[in-house]
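Heads up: the structure comes next, in structure tokens.
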Amino acid sequence: MYMPRSSSSVLRTAPAQIRAAAGTRSLSSGAPSIPLAALNESAPVASLTVAVRAGSRFESEAGVAHAIKNFAFKSTKDRSALRIVREAELNGGVLSASLSREHLFLTAEFLKGDEAHFADLLAEVVGNHKYCRHEFNEEVVPSLAADAEQAAQDPVALGVDALFSAAYRGRGVGSSLFASPSSPITVEAVRAFAAQAMNASNIAIVSSGLSQDKLRSLASTSFVRVPAGSALQAAPSKYFGGDYRAALTDAHGHALPNDHFFMAFEGASRANAAPLSVLEALLGGGTSVKWSAGLSPLSQIRDAKAQAFHSALEDTGLFGIHIAAPSAKVADAAKTAAQALKAAADSVSSEDVQRAVAKAKFVLAQEFEGSRVAGHESVAARLLGSSASSLESELDSLSSVKAADVSSAAQALLKGKPSSVALGNVKQLPYADELF
């Protein structure tokens with residue numbers, strides 16, 4: 001949740017499959033191993049996702065990760081962009097690309113039986129792309145500007161991007177997902193970054209609707225042509241904390257019905273996220289029943305929509321609360337939300353934690369399964385992390401969280417410096433340090 005992308009039954013077999021992925025074999029003599037995971041083998045429609053450790057935190061120059069994402073499915077050395085589109089349409093397939101702070105995701109969805117064609121195509125896009133200058137100038141650059149403009153009109157996408165930038169001073173995981181016109185990039189910079197990132201040591205492959213044996217066979221035949229290389233390494237993230245404030249209007253310059261306020265602290269890495277995942281579920285903000293406000297502390301806030309979130313990454317994370325309300329209501333809602341977090345740091349009941357654990361386990365399982373694309377991204381992020389974990393093991397971690405763990409996690413948050421983003425009528429919106 002709250003991890004915006006720059007884009008274009010519960011996982012019954014996942015635990016064994018993800019464990020198998022951690023011990024994948026070499027594709028050929030001397031070639032590096034590519035982590036693999038096959039999900040939902042009985043799905044009627046198949047899909048393949050190649051995840052590349054090439055998110056914005058790894059980029060060599062600001063905006064090149066966004067540019068590589070928008071270059072996806074343009075001309076390779078063997079196929080023109082027109083041919084790629086025509087063949088996808090003839091096979092009834094759908095191609096898409098998305099970008100997170102850590103990963104680039106290239107996905108093909110198709111009918112079973114066409115997997116060899118789309119595996120070959122994805123391997124070409126990863127290891128045999130041309131990055132043509134005319135495609136960059138005529139298609140990629142305009143699309144970068146369009147993505148940035150669209151994000152600027154989306155309060156959640158803009159707010160989360162600004163929140164990471166303020167919290168990490170625009171470095172590493174604080175790098176924006178969107179290329180900025182104020183920092184123009186060149187096709188040479190894109191090619192240089194692609195040469196570093198697009199290699200067999202820097203990717204993982206996830207499938208739906210295909211068996212593990214079939215996925216292994218496809219990887220051994222199609223991806224053997226992906227060049228060898230080294231996995232990209234990023235400097236450890238350093239959290240600073242900070243504030244960002246900006247007037248926000250619609251495309252016509254009119255005030256929006258709701259202002260948006262984000263307040264956050266440094267959270268936990270993906271491997272240590274269990275207590276904060278339970279805290280997120282405990283504070284809540286959503287509802288499990290239509291036409292009900294919900295019973296969690298944040299859902300009880302009147303005249304505002306408040307939602308807890310925890311964005312966990314490989315070595316860090318942000319835990320916070322997003323509030324959307326009319327300008328005059330935001331400050332009071334933010335104070336109430338801050339009090340709810342403080343109350344959790346003081347103490348939480350075992351009964352409340354039991355309910356929160358159940359909710360967190362459901363959200364996790366739904367994240368693993370989800371839609372094909374969302375499920376692939378979640379699993380691939382784990383495969384490319386420092387240690388691959390199964391759904392089963394992560395559910396066990398949530399089950400072991402106790403009330404004292406949740407309170408300790410909340411106390412640790414409050415000891416850090418807060419970060420905040422205020423979008424709207426900034427004269428009326430609060431600062432995070434006024435709330436804690």
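The values are calculated or read from the model by the stated rules, or taken from the named source; none is laboratory data. Worth saying up front: this structure is predicted, and the values here are computed from it rather than measured. Backbone-built Cβ (ideal geometry, glycine too); neighbour counts: all protein chains shown. Calculation scope for accessible area: heavy atoms of the full protein, side chains included, ligands and nucleic acids excluded. Shrake-Rupley method; radii C 1.70, N 1.55, O 1.52, S 1.80 Å.
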Does F240 count as surrounded by 23 or more Cβ atoms within 10 Å (Cβ to Cβ) and aromatic (F, W, Y)?
no
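Quick check on my filter: what residues within the stretch 77-122 are assigned to a loop (DSSP other than H, G, I, E, B) and not charged (D, E, K, R)? Working first, answer last.
At the first step, the residues of the stretch 77-122 found to be assigned to a loop (DSSP other than H, G, I, E, B) are 77-80, 91-93, 100-103, 112-114.
S80, N91, G92, G93, S100, H103, G113, listed by residue number.
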Spot the failing condition for L282; the list is (1) open to solvent by 20 Å² or more (accessible area, probe 1.4 Å); (2) in a strand (DSSP E or B); (3) closer than 21 Å to D405 by Cβ, and only one is missed.
(2)
List the number of the failed condition for L391; all other conditions in (1) in contact with a helix residue (DSSP H, G or I) (Cβ under 7 Å, 6 or more places away or on another chain); (2) under 18 Å from F309 (Cα atoms) hold.
(2)
Is it the case that some residue within the stretch 30-41 is closer than 24 Å to V173 by Cβ and modelled with pLDDT of 95 or more?
no
Scanning the stretch 356-377 for residues that are crowded, with 17+ Cβ neighbours inside 10 Å and of a type outside the set (A, V, I, L, M, F, W, C), the one farthest from G209 (Cα to Cα) turns out to be K359
Between residues in the stretch 291-318 that are closer than 16 Å to Y168 by Cβ and residues that are open to solvent by less than 60 Å² (accessible area, probe 1.4 Å) and β-branched (V, I, T), which pairs lie under 6 Å by C-beta distance while being six or more apart or on different chains?
L313/V173
Odd one out for L158 among (1) more than 20 Å from V52 (Cβ to Cβ); (2) open to solvent by 50 Å² or more (accessible area, probe 1.4 Å):
(2)
Yes or no: the stretch 188-202 includes at least one residue that is under 30 Å from E115 (Cβ atoms), assigned to a loop (DSSP other than H, G, I, E, B), open to solvent by less than 20 Å² (accessible area, probe 1.4 Å) and not assigned by the TED database to the domain that holds S419.
yes
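For the condition out of contact with any Cys (no Cβ under 9 Å at 6 or more places or on another chain) and within 30 Å of P35 (Cβ to Cβ), what is the one hit in E377, E434? Give the derivation first.
Details: E434 fails: within 30 Å of P35 (Cβ to Cβ).
Result: E377 is the single residue among E377, E434 that is out of contact with any Cys (no Cβ under 9 Å at 6 or more places or on another chain) and within 30 Å of P35 (Cβ to Cβ).
Say we look at the stretch 366-403 and pick out the residues that are of a type in the set (S, T, N, Q) and either at pLDDT below 80 or assigned by the TED database to the domain that holds V206 (or both); which of these is nearest to V50 (Cα to Cα)? Step through it out loud before you land on a result.
Residues of the stretch 366-403 that are of a type in the set (S, T, N, Q), as a first pass: 366, 371, 378, 386-387, 389-390, 393, 397, 399-400.
Imposing the further condition that a residue be either at pLDDT below 80 or assigned by the TED database to the domain that holds V206 (or both) reduces the set to 371, 386-387, 389-390.
On the way: S371: 16, S386: 18, S387: 18, S389: 18, S390: 19 Å.
Across the stretch 366-403, the extreme among qualifying residues is S371.
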Total residues in the stretch 376-401, condition farther than 17 Å from F362 by Cα and charged (D, E, K, R):
2
Which condition does A247 not pass, out of (1) assigned by the TED database to the domain that holds K359; (2) within 28 Å of E314 (Cα to Cα); (3) small (G, A, S), if it passes all the others?
(2)
Among residues belonging to the stretch 35-52 that are open to solvent by less than 40 Å² (accessible area, probe 1.4 Å) and in a loop (DSSP other than H, G, I, E, B), point out the one that is farthest from A194 (Cα to Cα).
A43
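Can you tell me which residue among A334, A324, A312 is out of contact with any helix residue (DSSP H, G or I) (no Cβ under 8 Å at 6 or more places or on another chain) and of a type in the set (G, A, S)? Break it down into steps so the answer makes sense when it comes.
Numbers: A324 fails: out of contact with any helix residue (DSSP H, G or I) (no Cβ under 8 Å at 6 or more places or on another chain); A312 fails: out of contact with any helix residue (DSSP H, G or I) (no Cβ under 8 Å at 6 or more places or on another chain).
Criteria check complete, one pass: A334.
Could you please find all residues in the stretch 418-429 being closer than 10 Å to R245 by Cα and either in contact with a helix residue (DSSP H, G or I) (Cβ under 6 Å, 6 or more places away or on another chain) or assigned to a loop (DSSP other than H, G, I, E, B) (or both)? Before the answer, list the steps.
Taking the stretch 418-429 first, the residues closer than 10 Å to R245 by Cα are 420-427, 429.
Hits for the stretch 418-429 are S420, V421, L423, G424, N425, V426, K427, L429.
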Note: among G63, G93, just one is on the phi > 0 side of the Ramachandran plot, open to solvent by less than 30 Å² (accessible area, probe 1.4 Å) and in the same structural domain as I205 (by the TED database), namely G63
Sort out which residues of the stretch 166-211 are within 30 Å of D259 (Cα to Cα) and in contact with a strand residue (DSSP E or B) (Cβ under 7 Å, 6 or more places away or on another chain), and write them in order of number.
A166, A167, L177, F178
Being of a type in the set (G, A, S), in contact with an Asp or Glu (Cβ under 6 Å, 6 or more places away or on another chain) and either modelled with pLDDT of 95 or more or surrounded by 22 or more Cβ atoms within 10 Å (Cβ to Cβ) (or both) narrows it down to one of A308, A343, so name that one.
A308
Tally time: how many residues in the stretch 259-296 are modelled with pLDDT of 95 or more and within 16 Å of Q354 (Cβ to Cβ)?
9
Looking at (1) open to solvent by 30 Å² or more (accessible area, probe 1.4 Å); (2) touching a Phe, Trp or Tyr at 6+ places or on another chain (Cβ under 9 Å); (3) in the same structural domain as L398 (by the TED database), which one does G267 not meet, given that it meets all the others?
(1)
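Take the residues of the stretch 379-417 that are in a loop (DSSP other than H, G, I, E, B) and in contact with a strand residue (DSSP E or B) (Cβ under 6 Å, 6 or more places away or on another chain): which is surrounded by the fewest Cβ atoms within 10 Å (Cβ to Cβ)?
Narrowing the stretch 379-417 to residues in a loop (DSSP other than H, G, I, E, B): 384-390, 400-402, 415-417.
Still in the list and also in contact with a strand residue (DSSP E or B) (Cβ under 6 Å, 6 or more places away or on another chain): 384, 416.
Numbers: L384: 20, G416: 15.
Checked the stretch 379-417; the qualifying residue surrounded by the fewest Cβ atoms within 10 Å (Cβ to Cβ) is G416.
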